[in-house]
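All remarks here apply to the structure that follows.
The values are calculated or read from the model by the stated rules, or taken from the named source; none is laboratory data. What you are looking at is a predicted structure, and each value in this text was computed from that prediction instead of being measured. In this analysis, Cβ positions are derived from the backbone assuming ideal geometry, glycine residues included, and neighbour counts consider all displayed protein chains.
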Amino acid sequence: MAALPPEGLTENSQGALSILIVGAGIGGLSAAIALRNVGHRVLDKSDLANDTGAAIHLCPNANGILRRWGVMGETFGACVLSRFVERAMDGNILKDVDLTESNARWPHPWHLVRRAALHRELKRIATAEDGPGIPVTVVPRTRVDKVAPELGLVTLESDQELKAHLVIGADGIYSTTRKAITGKADLNHTGKAAFRFVLPRVAAELNPLTVALANQHDTFTVWFGKDRRVVMYSCDDNALLNFVCIYPESESSTPATDGTPRQGWSGDATREIVLNVFRDFDPHLKALIAIADPPSIKVWPLLDMRPLVDWSRDKLVLIGDAAHPCLPYQAQGAAQAIEDAASLAAVLPIGTPPAEVPRRLALFRDFRFGRTVKIQEYSRLMGRDWDVRAYEAYNFDHDEIANSAALFKKWEEDQLREES
């Protein structure tokens, strides 16, 4: 295990709270940046050396927050999504839309990025010596055994104990910290799973069957079948093509079919399984799948969870997939975790008394609950409907920094009126 900082984590210097984040993925590092910027002291612990996954959408609602934190997708290979193509399963084009004009409606760009590149940039900004506030300490490869919310106490599998004014559970859909609030949360198999992989564009350009698809830069393409779909989009300065292939989970012999949620983000699959599941699809698409490097192909069970009523207990709060997992059909899972981070920072300004933390965490939940439940439901609907852009306005035209700041200001004014 990496060494912990020698000073006491619970030291409250100049009104700064000590904060321990369980999980150093996109949500955890976003919370670390947001709370560091406010002036708090943050330690982020993860059982992963790096975030997993292939590529990710930075939708305008999330990108606007990140850009105000100094996270600029252009610096780490972001592609600007400029074209949207829908195809039938045989490859016939159903819709081909230039998004340049419609995307001008949003105040921030719609980026497609490699997930690992985003993760590296978030970690860099969180830990940079020259940023605002106190640099975040990130301790990788450590596992949490349990949390005592009333004490702000985290016990690691090594039996080491860490104490803070606030513990943030950003440990994903298989959350350990969630158990300290709910006892358990039922993760429901949706009956669908997804194969995920990336392949180099240059490899696709060498094949006459795939060169036309490979030459579509800054493009999101989806092939629709009756009960399955394949999504392809560019990332990493258009050097990579990212694939998400959603299908009935029972059709593969992967570990995702055993009826028990796997304790991890993804498992392995084979190229042959993917080709068999999508055997009736466009020959040009199947030729692309055949190029995929077998070790890169992962299978991801699509799990759902009923909305949690309680996101916090005493000094512990959940964010992101630990609190409100989203199905992938709107690409809003990471975006909602980033919004959570911005909102949490708004209700915990520097000088927040430690005794006030539980009440502020309940306030954070109230600010965020309605929007996250609605986006969860929209994502479920998107899995059944073909119009994958139906809820763009609600999703994208939202500024959580401004929203939570306004709500918190109103709450403070209400408190002053009650006290006067």
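The table for this structure:
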item	result
Among (1) outside the structural domain of Lys192 (by TED's automatic domain parsing); (2) buried (at least 23 other Cβ atoms within 10 Å of the Cβ); (3) modelled with pLDDT under 95 - the single one Pro328 does not satisfy	(2)
Helices (runs of 4 or more DSSP H) lying entirely in region 105-207 (those with 1 or more residues that are surrounded by fewer than 23 Cβ atoms within 10 Å (Cβ to Cβ) and not assigned by TED's automatic domain parsing to the domain that holds Leu285)	115-127, 179-182
Cβ-Cβ under 7 Å pairs, at least 6 apart or on other chains, region 341-358 side within 19 Å of Gly64 (Cβ to Cβ), far side in a loop (DSSP other than H, G, I, E, B)	Ala341/Ile319; Leu344/Ile319
Top-ranked residue in region 38-60 [being modelled with pLDDT of 95 or more and of a type outside the set (A, V, I, L, M); ranked as farthest from the chain's Cα centre (by Cα)]	Pro60
Leading residue by the ranking (surrounded by the most Cβ atoms within 10 Å (Cβ to Cβ)) among those in region 380-417 that are in a helix (DSSP H, G or I) and at pLDDT below 85	Gly383
Of residues in region 100-125 being among the hydrophobic types (A, V, I, L, M, F, W, C) and touching a Pro at 6+ places or on another chain (Cβ under 6 Å), the one farthest from Phe197 (Cα to Cα)	Trp106
Residue check for Ala32: aliphatic (A, V, I, L, M), within 19 Å of Pro328 (Cβ to Cβ), in contact (Cβ under 8 Å) with a residue 24 or more places away in the chain and outside any strand (DSSP E or B)	no
Failed item, numbered, when Ala341 is tested on (1) assigned by TED's automatic domain parsing to the domain that holds Leu35; (2) in a loop (DSSP other than H, G, I, E, B); (3) buried (at least 18 other Cβ atoms within 10 Å of the Cβ)	(2)
Residue match in region 290-298 (condition: in the same structural domain as Ser30 (by TED's automatic domain parsing), in a strand (DSSP E or B) and more than 16 Å from Gln376 (Cβ to Cβ))	no
Hits in region 293-311 - residues which are buried (at least 24 other Cβ atoms within 10 Å of the Cβ) and farther than 19 Å from Arg228 by Cα	Trp311
